[in-house]
Amino acid sequence: GVGWNNAGPNKFGGITTSQSGYAISFNTGRHIVVQRTIWDADGTRVWTIGKPGLADKALILEPLVWHYLEISTFQGGLQVWLDGEVVVDVIDDMPLPPGAFQIGGADAGIFYFDAISVCGLEAPFGSMAVPVPVVTP
């Protein structure tokens with residue numbers, strides 16, 4: 001999965017947080033889940049201002065195939081693009097402040113990442129996807 005707008009400690013939703021961020025997960029149950037995650041100053045998850053179901057959508061990824069992933073947050077909107085197509089497009093009613101990103105696979109298997117870039121936006125995002133070659137690791 002990918003963590004986006006990860007920050008902390010900060011002030012959000014009327015509390016001091018130890019960490020906040022969007023978790024974008026590609027689950028083995030064949031779906032993509034996007035959630036706003038908030039932890040209070042003591043490191044306890046805060047469900048009242050977290051949003052576990054920001055997006056949950058069926059998405060089947062073929063194993064051993066490279067994909068071009070793009071994530072955009074702009075003025076409360078959060079989009080996830082896969083191979084040039086929007087697969088998640090939601091508005092967060094309490095958008096998180098800017099922050100860092102993280103990548104990881106937890107216990108879901110092995111993921112390979114290449115050519116990561118991060119940039120600021122002054123207008124809504126449009127895909128920059130290029131054709132993705134089929135590569136077997």
>> With the structure loaded, tell me whether V118 is open to solvent by less than 50 Å² (accessible area, probe 1.4 Å) and either in contact (Cβ under 8 Å) with a residue 12 or more places away in the chain or hydroxyl-bearing (S, T, Y) (or both) or whether it fails that test.
In response: no
> Which condition does P63 not pass, out of (1) closer than 19 Å to Y22 by Cβ; (2) out of contact with any strand residue (DSSP E or B) (no Cβ under 9 Å at 6 or more places or on another chain); (3) exposed (fewer than 13 other Cβ atoms within 10 Å of the Cβ); (4) not polar (S, T, N, Q), if it passes all the others?
Replying inline: (1)
>> For region 98-115: of the residues being part of a loop (DSSP other than H, G, I, E, B) and under 20 Å from G50 (Cα atoms), which is most open to solvent (accessible area, probe 1.4 Å)?
In response: P98
> Looking at region 21-59, which of its residues are over 23 Å from W81 (Cβ atoms) and not charged (D, E, K, R)?
Replying inline: I38, W39, A41, G43, T44, V46, W47, T48, I49, G50
>> Against the condition open to solvent by 40 Å² or more (accessible area, probe 1.4 Å), in contact with a Lys or Arg (Cβ under 9 Å, 6 or more places away or on another chain) and in a strand (DSSP E or B), how does P95 come out, does it pass?
In response: no
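Quick check on this structure: which one of E70, E85 is surrounded by fewer than 12 Cβ atoms within 10 Å (Cβ to Cβ), closer than 22 Å to V130 by Cβ, of a type outside the set (A, V, I, L, M) and in contact (Cβ under 8 Å) with a residue 40 or more places away in the chain?
On the way: E70 fails: surrounded by fewer than 12 Cβ atoms within 10 Å (Cβ to Cβ).
Result of the check over E70, E85: E85.
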> Out of all the residues in region 24-62, which are at pLDDT below 85 and among the hydroxyl-bearing types (S, T, Y)?
Replying inline: S25, T28
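Step by step: first the residues of region 29-76, then only those that are in contact with a Pro (Cβ under 9 Å, 6 or more places away or on another chain) and among the aromatic types (F, W, Y), then the one that is farthest from A123 (Cα to Cα). Which residue is that? Spell out how you get there, then give the answer.
Kept after step one, since they are in contact with a Pro (Cβ under 9 Å, 6 or more places away or on another chain), are these residues of region 29-76: 33, 35-37, 41, 64, 66, 68, 72-76.
Still in the list and also among the aromatic types (F, W, Y): 66, 68, 74.
Numbers: W66: 28, Y68: 21, F74: 7 Å.
Once the filter is applied, the top-ranked residue is W66.
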>> Considering only residues that are open to solvent by 90 Å² or more (accessible area, probe 1.4 Å) and touching a Phe, Trp or Tyr at 6+ places or on another chain (Cβ under 7 Å), which ones fall in region 121-131?
In response: P124
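The values are calculated or read from the model by the stated rules, or taken from the named source; none is laboratory data. This is a predicted model, so every value here is computed, not measured. Cβ: placed from backbone, ideal geometry, glycine included. Neighbour counts: every protein chain shown. These accessible areas exclude ligands, DNA and RNA; they are computed on the full protein's heavy atoms, side chains included. Shrake-Rupley method; radii C 1.70, N 1.55, O 1.52, S 1.80 Å.
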